[in-house]
Amino acid sequence: MNVNRRVQTLDEFTIQQLRDFPQATGELSHLLRNIGLAGKRVHVEVNKAGLVDILGDAGTINVQGEEVKKLDVYANDQFTRVLQHGIACAGIASEELDDFVPFDDAKSVKSKYVCLFDPLDGSSNIDVNVSIGTIFSIYRRVTPIGTVVTKEDFLQPGNQQVAAGYIVYGSSTMLVYATRRGVNGFTLDPSIGEWTLSHPDIKCPEQGKIYSVNHGNFFQYDKAVQDYIATCQKKDKETGGPYTQRYIGSMVSDVHRNLIKGGIFMYPGTTDKPKGKLRLLYECNPFAFIVTVAGGKATNGKIRILDVEPTELHQRSPFFVGSKLMMEELETYLN
Ligand code: AHM
Ligand code: MG
């Protein structure tokens, strides 16, 4: 069998980035490595979810008032523990937890980063063998190093993200992360248990042919959104319309596909839920950062998602993200 010796692992890649950037301390590489480790553990459980008695509801209700599945609990524990045991994270906030968790041991308080995550997004898809994912977001703390982190460290606008990424547990398992320098994707090679660079320097095509939205809510959307959706369905020589509609209901997979192929993903507010369903800190900001670095755009319908000043850890936001030209077309309706 031919083995591609030139392939770079996640560790090799982040070390290479360190070499190119002498001021870096290595803390971010350490953090990404820990996230990669937790992701591998979740990957193993996700892959045997159909075999072991891990399916079903854990019987508790999360802070959003939704049912928690066992794998959500497992993923949340893995990410929390791995980051707590490392030396690069001063605290975490998770979609599954009511409040942030400060790490107050002597090493952790000296760390400069905090991490926010949705440990297992799209969890309603677990039981039916459909792709799910983890989403994460990394900020430099604003409180002094050496002290225990406070809520302020977590309530930062998305434009302050140092890095953000996601893991998609799909036909293969992939970790994609962005820093201001670019977006890179790593596929898990299960034979050696390593993330290997498979999608270097990802750019989101300026114009795509896919739109992703929950059509079941159509009559609950604003007229502007309805009009834009109608436009997506029209023949148009310039844009290549009609677009193809694709909606898995796992945001990680939906946005991942649109990032690679070009497209637009929308979770607008509805008459029942004017702020929509998605959480600003755990879902919208990380994807807004990744897609923006890749050349696309993201808005809440009024302003750039990345410029929203958060007021609560679990606040929700309407969310529109995708290829630059498609987003600009949408904006002509929203404005
Ligand atoms: P979750 O965090 O409870 O899994 O919910 C988030 C998911 C997203 O992945 C997805 O885009 C959305 O919910 C789908 O919601 P809906 O079924 O309302 O279209
Ligand atoms: Mg989620």
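The values are calculated or read from the model by the stated rules, or taken from the named source; none is laboratory data. Remember, predicted model here, so these are calculated numbers, not experimental data. Neighbour counts run over all protein chains shown; Cβ positions are idealised from the backbone, glycine included.
Scanning the range 260-310 for residues that are within 22 Å of residue 155 (Cα to Cα), basic (Lys, Arg) and surrounded by fewer than 20 Cβ atoms within 10 Å (Cβ to Cβ), we see that the one that is nearest to the chain's Cα centre (by Cα) is 277. The single residue among 221, 247, 282 that is more than 9 Å from ligand 1 (Cβ to nearest atom), hydroxyl-bearing (Ser, Thr, Tyr) and assigned by TED's automatic domain parsing to the domain that holds residue 316 turns out to be 221. Counting residues in the range 70-85 that are of a type in the set (Val, Ile, Thr) and either near ligand 1 (Cβ under 9 Å from one of its atoms) or in a strand (DSSP E or B) (or both) gives zero.
Scanning the range 73-124 for residues that are within 15 Å of ligand 2 (Cβ to nearest atom), out of contact with any helix residue (DSSP H, G or I) (no Cβ under 8 Å at 6 or more places or on another chain) and of a type in the set (S, T, N, Q) yields a count of 2.
Of the residues 330, 325, only one is assigned to a helix (DSSP H, G or I) and either within 13 Å of ligand 1 (Cβ to nearest atom) or surrounded by fewer than 20 Cβ atoms within 10 Å (Cβ to Cβ) (or both); which? Before the answer, list the steps.
Working: 330 fails: either within 13 Å of ligand 1 (Cβ to nearest atom) or surrounded by fewer than 20 Cβ atoms within 10 Å (Cβ to Cβ) (or both).
Of the residues listed, the single one that is assigned to a helix (DSSP H, G or I) and either within 13 Å of ligand 1 (Cβ to nearest atom) or surrounded by fewer than 20 Cβ atoms within 10 Å (Cβ to Cβ) (or both) is 325.
Looking only at the range 151-167, decide whether some residue is out of contact with any His (no Cβ under 6 Å at 6 or more places or on another chain), within 14 Å of ligand 1 (Cβ to nearest atom), in contact (Cβ under 8 Å) with a residue 12 or more places away in the chain and not in a helix (DSSP H, G or I). Within the range 151-167, one or more residues are out of contact with any His (no Cβ under 6 Å at 6 or more places or on another chain), within 14 Å of ligand 1 (Cβ to nearest atom), in contact (Cβ under 8 Å) with a residue 12 or more places away in the chain and not in a helix (DSSP H, G or I).
Residue-by-condition table, conditions (1) under 18 Å from residue 29 (Cα atoms); (2) out of contact with any helix residue (DSSP H, G or I) (no Cβ under 6 Å at 6 or more places or on another chain); (3) basic (Lys, Arg):
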residue: 139; (1), (2), (3): yes, no, no
residue: 154; (1), (2), (3): no, yes, no
residue: 163; (1), (2), (3): yes, yes, no
residue: 167; (1), (2), (3): yes, no, no
residue: 172; (1), (2), (3): no, yes, no
residue: 186; (1), (2), (3): yes, no, no
residue: 197; (1), (2), (3): yes, no, no
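Kindly provide the set of residues from the range 107-128 that are under 20 Å from the mean Cα position of the chain (by Cα) and either more than 9 Å from ligand 1 (Cβ to nearest atom) or at positive phi (or both), ordered by number.
Step one: filter the range 107-128 for residues under 20 Å from the mean Cα position of the chain (by Cα), giving 113-126.
Passing the criteria: 113, 114, 115, 116, 117, 119, 122, 126.
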